[in-house]
Structures are given as structure tokens and as C-alpha cells.
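Enquirer: Mind having a look at this structure? Questions to follow.
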Amino acid sequence: MSNPSTLGPWLRRFLAEHIVTERNLARNTQKSYRDTFALLLPFVRARTRKPVDRLALHDLTARRVRQFLDHLESDRACSVQTRNQRLSAIRSFARFVASRDPVHIEWSAGIRAIASKKATPQPIGWLGKTQVNDLLDVPDRRTPRGRIEHALLLFLYNTGARASEATRLVAGDLQTGRRDGGHALVNIHGKGGKQRQCPLWPRTESVLNNLVQGRAAGDAVFLSRLQRPYTRFGVYRLVERCAARAPSLAGRRITPHTIRHTSACHLLQAGVDLNTIRAWLGHASLDTTNIYAEIDMEMKAKAMALCDAAGPGPDRPWKANKGLMAFLAAL
């Protein structure tokens, strides 16, 4: 490295070596970090009036990082969660530089001292069974393209898979028509290189079998109009387009993650325990799955029915309990 204070070489080492080789993080993490700096560097360039290739580490001041985070929220209309995600990538880079060159420890400390902003939890959107059926009925299954789109939507609902997991699915991941009579299964390649198995409904097994007939084990299951594997963007566009044509979903923003939430909520309503849902969705922690226990109002209503709040009260009124009042006064 000819100039140890130049930003470019440090960033290349961070994204191409540290993230991939040393930490073995997922490809999506690398892309997310890349996108952060693809936004940050032009922002800093405009304020320093220096070409991106000539930017130094100390051009990336804590003050400019804070301005960049404000720019994300005010000018780009990003959420607090996105703002914090970008900050996490910048902190990770600052930590990497300081660990390699103690000269930059003070600079790194200034970047890492920037606080994350408290984010208000967003309500989780999900669909009722009638709405799911309306969504699945949108593709015209009389055409080859409609059958692929219907199969993709049904797969997302059956498995609760992420959009990226659906794009990585290949024919060899399907275990259908098992000779032992067992349930049809699919191997899903999840975040961080983790894998999980998920059962397939008979109708999902049928449409997927028809889809992969004649394909090699390494061929993608879901192909776009150009006969190429679907991308994450393509899956999002498909879901949004079909949702816009479903009358019961008029005015709602539906994404693949909405279908994922729907799968979890319907499993919960069917009496499936949270730990099984955690394994079904591929959550690393049960804490992540617990959010679904908070959004099913029907289950809350059933729980309320079990509580008898109209039972007889105490024999003596509360204000007559002088012993308790004396206890409170003594605290």
C-alpha cells in the first residue's frame, strides 16, 4: 500500500479480503456494505471536491458521516433501520482499519462513537387466507409463464422463504416422489450459508415437479422470461405486480417478506409451536420468531376468553387494608 492514508486501498482490502476471506460473511452482506460505500463516497467527494480515488481516510470524518446519515433520512427518505444498517457497515470498516494500523485508532474511535438511532418497531403486515388465495389466482395458469409465476408465489407461501432463497433454489434441492413414502421436502439455502429443510404441500410438490421436468440437478427452478434464474428484484416485482391485480389487496404494498410473515402467522393459527416455526423460517434465534405471537388478534381474543375478570372481589375493600397502607408508607 503506497499511501497508508488513502481510502481506496483500505476499502478494497475490507470488501474483497476481510469480509469474504477472513470473516466468511455472506455474499449479501458484502453487497450491502458495498452499497453503503457506493452512496457514501460520492457524498464525501461533493463536500471535499476531491476525486473519489484521491479521498483519504481522514476525509471521512465523523461529522461527514453524521451528515451522510441525515442525508439518507431526509433526502433519500430511508427508514431509521436503513440508516442504522449503513452506519453498521461504516463502523465495521473503521474497526478493520484500526485493527491493521494503530495510527488510525483515534480516527476509528470517532467513527465508532456515532450512535445508532432508536427505531420504532414497524407493524408487521400479513394476509388472510382469502387474500392469499386471491394473490395465487392472479397468474394465468393456462400459459407457461403463468404456471411459473403461480409456482413461485405458492412456494413462497408454503415455505416462508426469503426472496433470495427462492432465487437460489435448484432442481436438486427438491426431494419429491420419495420411495419411502415420506413427505416431500425442499432444501433451502438460507442466510450465512445455513441450510434447512421444509416440507412441501402436495399441491406445491405437484407444480414444482411439472416445472423441473427434464432439468439437471443444478438448474434453477424459477426462470424468468429470458430463461435466466430469477433475481431478488424480479421476485419483488412479481409479487408487487400480482398484488396490484388482486382486488382484495388494493392499495396495500405487498412484498415477498409479507408472504413470509403470512406463512408464519398461518402456522401459528394452525397451532404450530413457535420453535417449529423458527426452524421452518430459518431464524437463528427464537426471539426473532416471538414477534408473531404479538400480532395474531384471534389468538389474543381466545386467551382473553380464558380469563374470568368478572369473578368475585375480595371480602374487604382495598382501602380498608390498613396493613398494606402502612407497608407502602414505610417504603
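Enquirer: Could you figure out which of (1) surrounded by fewer than 17 Cβ atoms within 10 Å (Cβ to Cβ); (2) touching a helix residue (DSSP H, G or I) at 6+ places or on another chain (Cβ under 9 Å); (3) within 30 Å of Ser5 (Cα to Cα) isn't true of Pro102?
Expert: It is condition (2) that Pro102 fails.
Enquirer: Identify all residues within the range 260-274 that are out of contact with any Ser or Thr (no Cβ under 8 Å at 6 or more places or on another chain) and assigned to a helix (DSSP H, G or I); write none if there are none.
Expert: Arg260, His261, Thr262, Cys265, His266, Leu268, Gln269, listed by residue number.
Enquirer: How do the pairs read when you match residues in the range 270-284 that are assigned by TED's automatic domain parsing to the domain that holds Thr159 and closer than 24 Å to Ser164 by Cβ with residues anywhere that are among the hydroxyl-bearing types (Ser, Thr, Tyr) and modelled with pLDDT of 90 or more, using Cβ under 9 Å and keeping only pairs 6 or more apart or on different chains?
Expert: Pairs found: Ile277/Ser263; Trp280/Thr159; Trp280/Ser263; Leu281/Thr159; Leu281/Ser263.
Enquirer: Further question: Give the residue, chosen from His58, His71, that is farther than 18 Å from Ala94 by Cβ, free of Cβ contacts under 8 Å to residues at least 60 places away in the same chain, part of a helix (DSSP H, G or I) and in the same structural domain as His104 (by TED's automatic domain parsing).
Expert: His71
Enquirer: Hey, can you tell me all the residues within the range 266-281 that are closer than 14 Å to Asn158 by Cβ and buried (at least 18 other Cβ atoms within 10 Å of the Cβ)?
Expert: Correct list: His266, Leu267, Ile277, Trp280, Leu281.
Enquirer: Against the condition farther than 24 Å from Thr276 by Cα and in a loop (DSSP other than H, G, I, E, B), how does Arg215 come out, does it pass?
Expert: yes
Enquirer: Additional query: Take the residues in the range 213-233 that are without any contact (Cβ under 8 Å) to a residue 24 or more places away in the chain and of a type outside the set (A, V, I, L, M); name whichever of them is surrounded by the most Cβ atoms within 10 Å (Cβ to Cβ).
Expert: Filtering first and then ranking leaves Ser224.
Enquirer: Let me ask something else. Name every residue in the range 124-150 that is free of Cβ contacts under 8 Å to residues at least 40 places away in the same chain and farther than 21 Å from Gly234 by Cβ, in order of residue number.
Expert: Gly128, Asn133, Arg142
Enquirer: So the check is Cβ under 7 Å with 6+ separation or different chains; which pairs have a first residue in the range 176-188 that's touching a residue at least 60 places away in the same chain (Cβ under 8 Å) and a second one that's assigned to a strand (DSSP E or B)?
Expert: Cβ pairs passing all conditions: Ile188/Gln195; Ile188/Arg196; Ile188/Cys198.
Enquirer: Among Arg253, Arg178, Arg203, Arg241, which is under 20 Å from the mean Cα position of the chain (by Cα), surrounded by fewer than 19 Cβ atoms within 10 Å (Cβ to Cβ) and either not hydrophobic (A, V, I, L, M, F, W, C) or not in a strand (DSSP E or B) (or both)?
Expert: Answer to the selection: Arg253.
Enquirer: Using the structure shown, decide if Thr289 is surrounded by 19 or more Cβ atoms within 10 Å (Cβ to Cβ) and in contact (Cβ under 8 Å) with a residue 24 or more places away in the chain.
Expert: Yes.
Enquirer: Ile124 versus (1) of a type in the set (Val, Ile, Thr); (2) at pLDDT 95 or above; (3) within 30 Å of Ile291 (Cα to Cα): which is the lone unmet condition?
Expert: Every condition holds for Ile124 apart from (2).
Enquirer: Could you say whether any residue in the range 22-37 is in the same structural domain as Glu106 (by TED's automatic domain parsing), closer than 18 Å to Pro102 by Cα and not in a loop (DSSP other than H, G, I, E, B)?
Expert: no
Enquirer: Taking Asn210 as the residue in question, decide whether it is surrounded by fewer than 16 Cβ atoms within 10 Å (Cβ to Cβ) and either within 21 Å of Leu136 (Cβ to Cβ) or among the acidic types (Asp, Glu) (or both).
Expert: So Asn210 passes the test.
To keep it simple, each residue is scored yes or no on (1) closer than 17 Å to Ser108 by Cβ; (2) of a type in the set (Ser, Thr, Tyr).
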position: Leu7; (1), (2): yes, no
position: Thr21; (1), (2): no, yes
position: Asn24; (1), (2): no, no
position: Arg27; (1), (2): no, no
position: Leu41; (1), (2): no, no
position: Arg47; (1), (2): no, no
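Enquirer: Name the single residue that is surrounded by the fewest Cβ atoms within 10 Å (Cβ to Cβ) among those in the range 131-154 being in a helix (DSSP H, G or I) and touching a Lys or Arg at 6+ places or on another chain (Cβ under 6 Å).
Expert: Applying the filter and picking the extreme gives Arg147.
Enquirer: If we keep just the residues of the range 1-21 that are surrounded by fewer than 16 Cβ atoms within 10 Å (Cβ to Cβ), among the aliphatic types (A, V, I, L, M) and part of a helix (DSSP H, G or I), which is modelled with the highest pLDDT?
Expert: Ala16
The values are calculated or read from the model by the stated rules, or taken from the named source; none is laboratory data. Treat the numbers as computed from the prediction; the structure is a model and nothing was measured. Cβ sites come from the backbone with ideal geometry, for glycine too, and all protein chains shown count toward neighbours.
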